[in-house]
Amino acid sequence: MMDIVTLARIQFAMTTVFHYFFVPFSIGTGLVVAIMETLYVTKKDEFYKKMAKFWGNIFLLSFAVGVVTGLIQEFQFGMNWSEYSRFMGDIFGAPLAVEALLAFFLESTFLGLWMFTWDKVSPKLHVVFMWLVFVGSMMSAFWILVANSFMQHPVGYTINNGRAEMNDFVALVTNPKVMYEFSHVIAGAITLGGIAVAGMAAFRLLKKDSLTELSRTVYQKSLRVGLWVGLVGSVTVLAAGDFQMKAMLETQPMKFAAAEGLYEDSEDPAAWTLVAWMNEKEKERVFGIEVPYVLSILSYHELSGSVDGMNTINERLIEEYGERNYFPPVNALFWNFRVMAGFGMLMLMVSIVGLFFTRKKKPILYEKPWMLWIVALTTFAPFLANTAGWLLTELGRYPWTAYGLFTIEESVSPNVSATSLLISNISYFTLFTILGSVMVYLVIRTLKKGPDALEAAEHEEPTIDPFAGGAFNE
Amino acid sequence: MSNLQLFWYILIGVLFAGFFFLEGFDFGVGMSVKTLAHNEKEEDQLIETIGPVWDGNEVWLVTAGGAMFASFPYWYASLFSGYYLILLLVLVGLIIRGVSFEFRHHMPADKRWIWGWTLSIGSLIVPFCFGLLFTSLVQGMPINANGDLSATFTDYVNPLSIVGGVALTLLSYLHGLNYISLKTTGPIRTRARNYAQALYGVAYVGLVAFAILLYFNTDFFEVRLTSTVIFLALMVILTVVANLALFKGKEKTAFLASGLTMVSLVALLFTGLFPRLIISSISPEYDLLIENASSSPYTLKIMSFVAIGLLPFVLGYTIWSYYIFRKRIKHTDVAGY
């Protein structure tokens, strides 16, 4: 039977990856829906209202799964990582509590209002509910990233009584890592929302003969809104990623070197490795294709400068923190980085080219199935890119839970048996398989039913004045 | 013990009390979906009474968990790792019930029943497990010097904890029935009232059994005699009040009384524990105390500012949203969420 550390790590990976399919999905589609509804309110075009309602259904499905899987995240620190919670609770608990108070209440309350007050409050107020949900979800991301940033780059603490104690809350919140991670993650979520909406619309447009006039127009317009959002998102993600990489070079050089597959220090100027495979046991590269100068440019924005390899960094880490294995899973980091960056580039290209070929004068994309297929298949790209990004970030922390302070080995709950962990792993895996399948099934079903299924737009006056009493006396 | 530590202990108690008051009735409504409703239309009607608010209610639990982590990390670590399988069940319950609302709404007609069942079963598991958790906790748990809780089956499951689990489930169900009769019109409103009338008889028996077992299995009557007696008495009085109010058709009073019964129960457990967080059955030296399980004074101070600054807003818009949805859900025009 596997040991508790391995089982707990598998659980953390599994729950986090699954949860993170839905977090950016609901942040991103939430923004798309908010934009569509805002267009409805400003242009008074009922058409956009149909769009907002239609994509709103898909947003709600992903939100539901996101919420319930988030509960596991909050519980598992205590359940599987009690020593970590003891060591870090003074610092790590604070952002989680703030997240609940500041973000979750806002999100869930206004989501409830948004869902149940269509045509019952004025459209202007109704769209405000959706924006508040979006703001709530951004704040939630922010506070969770404050917590994660501390794990990547601890600041504002002292070690006291055998635990990390906070001594500067402002430093914790203004940790430079926070802004890099936040902009990267939010831009990634926005990209996902845009690309997924565009891609799902493209899937439906492939069946255009079976679509009604209304559905076709909804999907065409949605595709363009989605690509615009995807474009803004992917440009931002690229810029944020660039900043983040330079910060990584300083604060987590081992992660950086592993993501580049560098065991030895690079030449000066440094060549960038396009593809490679490393023998992690022998600590050497089996093969690789390199492009000269590019790593220096990526790292320093200059044509020169060498990058330290993992062997050098390992020596330094041993000197600083003692004898231990500091090599992260190199191939995993190397390839996750390329999956993330590669799909990021793909999404940027698809957004630009897609917008070009759907412009009003010459919208040829809608007529060419092969082009629609490309947009449609891109739906999966942001999920892969986001997941790869997190795997890079979290696996690259190895062997630390909090960088330089506390290791994964030390963090696990000593009183939880392997059997318990196995039971919970199997339970979660079963649940996730069911939830994931039902979710996909329902999204496809919603897409197939199309916006026609929504009731005809009503032109009634709002029936609820939320600020007036006595409206509902029986 | 510092004032800040005391403040956070009370705050966590308040958060749990709020959770059971609010999500208590939506657990009850969830259970009612498969026990009270006679057809799908009525199921829809029931679900619509909590549709807009259940998610916000659940945040009380999330906040209680986050607050525990932030203010008493040792408590959070010991409790969550020690109650591993019970909390796993809680999570499974919360998950299957949380997705039910959306999934049920989007499912084809012939498969909707599945998600009515998951809603009901999930709504039953969670209060039962929490009842089990809190009432086994107050009896003392094998917790060692490091704060690691390694209990055996009978530590979790024993007469008091089973009665505790059943009692909390029953209280939630009653609270839900009171909410239903307050929030609906049509046949289901009358039926909910009749169900509740009948079940209050069982509740009295349960309360007496609970009080007796509490006397024999905990030290509450030795260390906290006054508060224990007061809160037990309050629970009985409030149950009587709810029962009478129901009889007279005063639905608001009945609902408030059943909610406050839950609050009294939380207060009973939290005052009985005080100043301990987890009682060690191995040695009193290993008791986890408010005093030695908390975060640093600095963290507590920062968190106090945050909590005091934000709570008024949270309460403000929560109340506002309940106000918006104050209308009774008619059985004739259910949207079908």
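The values are calculated or read from the model by the stated rules, or taken from the named source; none is laboratory data. Computed from a predicted structure; not experimentally measured. Cβ: placed from backbone, ideal geometry, glycine included. Neighbour counts: every protein chain shown. Side chains included, ligands, DNA and RNA excluded: accessible areas come from the protein's heavy atoms. Shrake-Rupley method; radii C 1.70, N 1.55, O 1.52, S 1.80 Å.
With N set to the number of residues, divide the alpha-carbon radius of gyration of region B:203-286 by 2.2 N^0.38 Å and report two decimals.
Normalised by 2.2 N^0.38 Å, the Cα Rg of region B:203-286 equals 1.27.
Leaving ligands, DNA and RNA out of it, rank A:Met179, A:Met88 by accessible area with a 1.4 Å probe, largest first.
Sorted descending by solvent-accessible area, the residues read A:Met179, A:Met88.
How big is the convex hull of the Cα atoms of region A:273-410, per residue, in Å³? Numbers along the way, then the final one.
On the way: hull volume 22.7 nm³, N = 138.
Spread over its residues, the Cα hull of region A:273-410 gives 164 Å³ apiece.
Can you work out the FRET efficiency for the pair B:Phe305 and B:Asn144, with r the C-beta to C-beta distance and R0 = 45 Å, to the nearest 0.05? Provide the component values of the computation, followed by the final result.
Working: r = 35 Å, r/R0 = 0.78.
The pair B:Phe305/B:Asn144 has a calculated efficiency of 0.80.
What residues qualify as long-range amide H neighbours of B:Met141, i.e. H under 5 Å apart, gap of 5 or more or another chain, H built at 1.01 Å from N?
Under 5 Å from the amide H of B:Met141: B:Ile279, B:Ser280, B:Ser281.
How long are the semi-axes of the equivalent ellipsoid of the protein assembly as shown, taking √(5λ) for every eigenvalue λ of the Cα gyration tensor, in whole Å from largest down? List each step's numbers first, then the result.
Details: eigenvalues 396, 282, 85 Å².
Whole-Å semi-axes of the equivalent ellipsoid: 44, 38, 21.
Calculated FRET efficiency, A:Val232 and B:Val157, Cβ-Cβ r, R0 60 Å, to nearest 0.05?
On the way: r = 55 Å, r/R0 = 0.92.
In this case the efficiency is close to 0.60.
Could you state the per residue volume, in Å³, of the convex hull enclosing the Cα atoms of region A:1-123? Mind showing how you got there, number by number?
On the way: hull volume 13.5 nm³, N = 123.
Hull volume over Cα atoms, normalised by residue count, gives 110 Å³.
What FRET efficiency, computed as 1/(1 + (r/R0)^6) with R0 = 30 Å and r the Cβ-Cβ distance, is obtained for A:Lys360 and A:Ala13, rounded to the nearest 0.05?
The formula returns an efficiency of 0.05 here.
Using 0.36 nm times the number of residues separating B:Met1 and B:Trp320, minus their current alpha carbon distance, what extension gain do you get?
Working: separation 319, 0.36 × 319 = 114.84 nm, distance 3.69 nm.
Going from the current span to full extension adds 111.1 nm.
Counting each DSSP H run of 4 or more residues in chain A as -39500 (n - 2.57), what helix-only mean residue ellipticity at 222 nm follows after dividing by all residues, to the nearest 500 deg cm²/dmol?
Numbers: 16 runs with 323 residues, N = 474.
It comes out at -23500 deg cm²/dmol, rounded to the nearest 500.
Work out from phi, with θ = phi - 60° and the Karplus expression 6.51 cos²θ - 1.76 cosθ + 1.60, the ³J(HN,Hα) of each residue of region B:31-47, listed in order in whole Hz, and give x for Gly and Pro.
5, 5, 3, 9, 10, 10, 6, 9, 8, 5, 4, 6, 4, 4, 4, 5, 4
Name the residues whose placed amide hydrogens come within less than 5 Å of the amide hydrogen of A:Thr407, ignoring near sequence neighbours (fewer than 5 apart) on the same chain.
A:Thr401
Using every Cα-Cα pair within region B:236-337, state what percent have a distance larger than 20 Å.
Details: 3575 of 5151 pairs.
The answer is 69 percent, as a whole percent.
Determine ³J(HN,Hα), in whole Hz, for all residues of region A:252-265 in sequence, where each value follows from phi through the Karplus function 6.51 cos²θ - 1.76 cosθ + 1.60 and θ = phi - 60°; x replaces Gly and Pro.
After applying 6.51 cos²θ - 1.76 cosθ + 1.60, I find 9, x, 5, 4, 4, 4, 5, 5, 9, x, 9, 7, 8, 4 Hz.
What is the Rg over Rh value, at two decimals, for region A:136-241, using alpha-carbon atoms and the Kirkwood definition of Rh? Spell out each step's value before the answer.
Values: Rg = 20.5 Å, Rh = 16.2 Å.
Reported Rg/Rh (Cα atoms, Kirkwood Rh): 1.26.
Report the far tail of the P(r) of chain A, meaning the percent of Cα-Cα pairs longer than 43 Å.
Details: 22770 of 112101 pairs.
Result: 20 percent of Cα pairs exceed 43 Å.
Ordering B:Asp55, B:Asp26, B:Asp155 by accessible area with a probe of 1.4 Å, largest first, what comes out?
Values: B:Asp55 20, B:Asp26 0, B:Asp155 45 Å².
Largest accessible area first, the list is B:Asp155, B:Asp55, B:Asp26.
Go through region A:343-452 and name the GluC sites (Glu not before Pro) that are in a DSSP coil and have 16 or fewer other Cβ atoms within 10 Å of their Cβ. Before the final figure, lay out each step's value.
Values: sites: A:Glu367, A:Glu394, A:Glu409, A:Glu410; in loops: none.
Nothing satisfies the criteria.
Which whole-Hz couplings ³J(HN,Hα) result when phi for each residue of region A:93-110 is put into the Karplus expression 6.51 cos²θ - 1.76 cosθ + 1.60, θ = phi - 60°, listed in order with x for Gly and Pro?
x, 4, x, 5, 5, 5, 4, 5, 5, 8, 9, 5, 4, 4, 4, 6, 5, 6
If I model a spin label as a point 7 Å beyond the Cα along the Cα-Cβ vector, how far apart are those points for A:Asp268 and A:Asp3 in nm?
4.1
Once you've got the Cα coordinates, tell me which of A:Lys208/A:Lys368; A:Lys120/A:Lys448; A:Lys53/A:Lys449; B:Lys183/B:Lys248 are over 22 Å apart.
Values: A:Lys208/A:Lys368 11 Å; A:Lys120/A:Lys448 28 Å; A:Lys53/A:Lys449 13 Å; B:Lys183/B:Lys248 17 Å.
A:Lys120/A:Lys448, as the Cα separations exceed 22 Å there.
Helix A:46-80 versus the longest principal axis of chain A: what angle, 0 to 90°, nearest 10, using Cα atoms?
So the inclination is approximately 30 degrees.
Could I get the Rg over Rh figure for region B:3-333? Both from C-alpha atoms, Rh via Kirkwood, rounded to two places. Please report the intermediate quantities before stating the final value.
On the way: Rg = 19.9 Å, Rh = 20.5 Å.
We get a ratio of 0.97 for region B:3-333.
Would you mind listing how long region B:166-213 runs along its three principal axes, going by Cα atoms, in whole Å with the largest first?
Projected onto the principal axes, the Cα atoms of region B:166-213 cover 40, 15, 12 Å.
For A:Met278, which sequence-distant residues (separation of 5 or more, or a different chain) have an amide H within less than 5 Å of its own amide H, given hydrogens modelled in the peptide plane?
Placed amide hydrogens put A:Val286 under 5 Å from A:Met278.
How big is region A:213-254 in terms of Cα radius of gyration and Dmax, in angstroms?
17.7, 56
Multiplying the sequence separation of A:Arg445 and A:Tyr321 by 0.36 nm and subtracting their Cα-Cα distance, what value in nm do you get? Don't skip to the answer; put the middle values down first.
Working: separation 124, 0.36 × 124 = 44.64 nm, distance 5.43 nm.
Here the answer is 39.2 nm.
For labels at B:Ala233 and A:His301 in the simple 7 Å Cα→Cβ model, what's the distance in nm?
Distance between label points: 7.4 nm.
If I take the Cα coordinates of region A:52-127 and project them onto the principal axes, what are the three extents in Å, biggest first?
51, 21, 13
Extension gain B:Ser281-B:Leu225, at 0.36 nm per residue separation less the Cα-Cα distance, in nm? Please report the intermediate quantities before stating the final value.
Values: separation 56, 0.36 × 56 = 20.16 nm, distance 2.06 nm.
Taking 0.36 nm per residue and subtracting the Cα distance, the gain is 18.1 nm.
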